[in-house]
Amino acid sequence: MTVLVTGAAGFVGSHLCESLLDDGFEVRGVDSFTEYYGRERKEANLAGLRGRARFRLLEEDLATATLEPLVEDVDVVFHLAGQPGVRGSWGQDFTVYLQRNVLVTQRLLESLRDRPVHKFVYASSSSVYGDAESLPTSETVVPRPLSPYGVTKLAGEHLCELYRKGFAVPTASLRFFTVYGPRQRPDMAFARLVEAATSGQPFPLYGDGSQTRDFTYVADVVSALRRAADSAFTGVANVGGGSRVSMRDVLSIVGELCGRPVATVDMGPQRGDVRHTSADTSLARYGFGYVPRTSLRQGLGAMVEYSQQAVLEGAS
């Protein structure tokens, strides 16, 4: 089986590619190495992929590339590429979010409408809910994004549903709840927190620390992606980590793992940040057998170990 992974050099994409290759799939990866963060980090993500016999990486911009050669003879498409980040989606940069999150998704779906693809799996986000009216939040809750980023991810979902119903493209949109783990994007809270903790620097804390998130370990996300692709499930489903934890509790756990308290710098609330998130994953469990396996302490421990190893390798 041949699969296409967009955003293959990114955080989740590189973990997904490794998992697929380990199980013998032919993996066609595509990434445009956007300027959102440094190329050297994405190249580091690819270190375990380059040179593997069944892996081919194409450096293409999906907004302008000719897509037919990319999707030719592909059985499954995992669409993970896009412009991330809530805080950067305001103002003039919104045009970038429109192009990379909405236009690219439409172009990919259009390229597949007359092809016998087994599944198109779209990486959506819990940001579509905004401040959800109920916790844990099920897919029946009306989405009310609080950021332009959330609006574009919801638009991508709607496009998937349109092509599923209008052209029978078998789409599954997975709403990820705060994905973390080794190789997490450098702008994300846990990556910044672990780096601060291991280096002894203060951590910039947005909000008062009582805000909660449903944190989901990257290996569990990879499992959800693959299970959704293998199943008959189509539609929209939540993918969460199984527990809701405050940032203050996260700070305490990371401090324990690093052997010292984490100092913080209060930054105040940020526009577009929601107060609480918590996923009802019943639909994912019944639809494609998804059950999160990694506790927050286990996942954070893996991140701390990865960060400490990187420091040691950098010093040698």
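The values are calculated or read from the model by the stated rules, or taken from the named source; none is laboratory data. The model shown is predicted, which means the values in this text are computed figures rather than measured ones. Here the Cβ positions follow ideal geometry from the backbone for every residue, glycine too, while neighbour counts run over all protein chains shown.
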| query | Hey, among Tyr97, Tyr129, Tyr122, which residue is crowded, with 23+ Cβ neighbours inside 10 Å and either over 23 Å from Phe288 (Cβ atoms) or at pLDDT below 95 (or both)? | reply | Tyr97
| said: Can you find, within the range 188-206, the residue that is nearest to the chain's Cα centre (by Cα) among those that are farther than 23 Å from Thr216 by Cβ and among the small types (Gly, Ala, Ser)? | reply: Ser199
| remark: Going through the range 122-154 in order, the residues found to be within 14 Å of Val236 (Cβ to Cβ), among the hydrophobic types (A, V, I, L, M, F, W, C) and touching a residue at least 40 places away in the same chain (Cβ under 8 Å) are Ala123, Val128
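Being in contact (Cβ under 8 Å) with a residue 12 or more places away in the chain, at positive phi and crowded, with 24+ Cβ neighbours inside 10 Å narrows it down to one of Gly235, Gly207, Gly181, Gly200, so name that one. Give the steps one after another, and end with the answer.
Details: Gly235 fails: crowded, with 24+ Cβ neighbours inside 10 Å; Gly207 fails: crowded, with 24+ Cβ neighbours inside 10 Å; Gly200 fails: crowded, with 24+ Cβ neighbours inside 10 Å.
Selected residue: Gly181, the only one of Gly235, Gly207, Gly181, Gly200 that is in contact (Cβ under 8 Å) with a residue 12 or more places away in the chain, at positive phi and crowded, with 24+ Cβ neighbours inside 10 Å.
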| Residues located in the range 34-93, provided they are basic (Lys, Arg) and touching a residue at least 12 places away in the same chain (Cβ under 8 Å) | Arg41, Lys42, Arg52, Arg54, Arg56, Arg87
| task | Identify the residue in the range 282-296 that is touching a residue at least 60 places away in the same chain (Cβ under 8 Å) and touching a strand residue (DSSP E or B) at 6+ places or on another chain (Cβ under 7 Å) and, among all such residues, is farthest from Tyr180 (Cα to Cα). | result | Leu283
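Taking the residues in the range 241-264 that are in a loop (DSSP other than H, G, I, E, B) and either among the charged types (D, E, K, R) or modelled with pLDDT of 95 or more (or both) as candidates, determine which candidate is surrounded by the most Cβ atoms within 10 Å (Cβ to Cβ).
Here is the first cut: in the range 241-264, the residues in a loop (DSSP other than H, G, I, E, B) are 241-243, 259-263.
Next, only the ones that are either among the charged types (D, E, K, R) or modelled with pLDDT of 95 or more (or both) stay: 241, 260.
Numbers: Gly241: 27, Arg260: 12.
Among them, the one singled out is Gly241.
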